[in-house]
Amino acid sequence: MTARRLRQAAAVTFGWIVVFDALHVYWQLGGRFGFGDQADPLPSAQTAGQRVFAAVVLALFVIGTVLPLAFVQGWGRRIPRWILLTMAWVAAGLLSVRAVAAFLDDAMRTVFGSSTGLTGLTYEQLLGTATPSAYTLWSARTIDAYFLLGGVLYGATAWYARRAETGKD
């Protein structure tokens with residue numbers, strides 16, 4: 001039963017990351033769906049630090065894409081299980097923390113009337129306009145929810161992988 005749940009969780013997580021990757025490729029090619037009416041939503045990579053950050057993020061995309069498969073494919077058995085589990089829990093944590101921080105930032109702005117939210121940035125600094133449209137705000141919230149879903153899915157994959165490893169059903 002646990003092995004079946006692991007396969008299901010890994011498959012859904014892989015599906016999630018494929019959509020995540022596809023959206024990022026689409027955005028890098030100039031697509032804007034999902035960003036509301038922001039003029040230029042993608043950060044630039046003009047400095048050396050920004051280019052290093054972009055390279056690290058690209059590496060995380062690659063690792064995150066193959067990670068769910070590594071739990072259920074034969075080639076994944078060559079990687080120590082503790083490394084896979086650690087990476088899955090880290091992915092779950094990073095995605096979840098990013099989403100929760102964005103939700104808190106949004107709540108501070110919309111519920112508590114803070115002009116700078118949790119991040120200390122204004123809407124103008126974040127979205128390119130001091131008065132973003134509802135379409136832009138809801139697009140950002142949808143992206144934040146998608147990050148949270150990814151965190152939950154990587155967490156579920158790690159959970160079932162750990163249970164499968166210890167033989168708990």
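What follows is calculated from the coordinates using simple rules that are stated; it is not laboratory data. Note that the structure is predicted; figures quoted are calculated from it, not measured. Here the Cβ positions follow ideal geometry from the backbone for every residue, glycine too, while neighbour counts run over all protein chains shown.
When the chain is treated as a GNM, springs tying every alpha-carbon pair under 10 Å, which of Ala107, Ala48, Ala92 comes out with the largest mean-square fluctuation?
Greatest mean-square fluctuation among the candidates belongs to Ala48.
Quickly work out the Asp106-to-Ala145 label distance, labels modelled 7 Å from Cα along the C-beta direction, and quote it in nm with one decimal.
Simple spin-label model gives 0.8 nm for this pair.
For the stretch 74-169, report the translational diffusion coefficient in µm²/s to the nearest whole number, using Stokes-Einstein at 4 °C, 1.567 mPa s, and a Kirkwood Rh over Cα pairs.
84 µm²/s
Given +1 on the Cβ of Lys and Arg, -1 on the Cβ of Asp and Glu, and no further charges, what dipole in debye does the stretch 1-159 carry about its Cα centre, rounded to the nearest 20?
Computed about the Cα centre, the dipole is about 860 debye.
Take the Cβ-Cβ distance between Arg4 and Val97 as r, set R0 to 35 Å, and report the resulting FRET efficiency rounded to the nearest 0.05.
0.75
Against the longest principal axis of the chain, how steep is helix 134-166, in degrees 0 to 90 to the nearest 10, with axes from Cα atoms?
Helix 134-166 sits at roughly 20 degrees to that axis.
Select from the stretch 83-169 those chymotrypsin sites (Phe, Trp or Tyr not before Pro) which occupy a DSSP coil region and have at most 15 other Cβ atoms within 10 Å, ordered by residue number.
Those that pass, being in a loop and sparsely packed, are Phe112.
Using alpha carbons only, how many degrees (0 to 90, rounded to 10) separate the axis of helix 48-70 from the longest principal axis of the chain?
The helix 48-70 is inclined about 40 degrees to the chain.
Gap in Å between the Cα centre of the stretch 129-166 and the Cα centre of the stretch 3-22?
Going from one Cα centre to the other spans 13 Å.
In a Gaussian network model over the chain where Cα atoms closer than 10 Å are linked, find which of Val19, Val62, Val111 has the largest mean-square fluctuation.
Comparing Val19, Val62, Val111 in a Gaussian network model of the chain, the most mobile one is Val111.
Of Ser139, Gln46, Met87, which is farthest towards the positive pole of the stretch 2-166's charge dipole, taken about the Cα centre with +1 and -1 on the beta-carbons of Lys, Arg and Asp, Glu respectively?
Most positive-ward Cα: Met87.
Would you mind computing, in nm to one decimal, how far apart the modelled labels at Thr122 and Trp75 are, each placed 7 Å from Cα along Cα→Cβ?
It is 5.0 nm.
From a point 7 Å beyond the Cα of Val57 in the direction of its Cβ, which residues of the stretch 149-163 have a backbone N at a distance under 19 Å?
Only 149-151 pass the distance filter.
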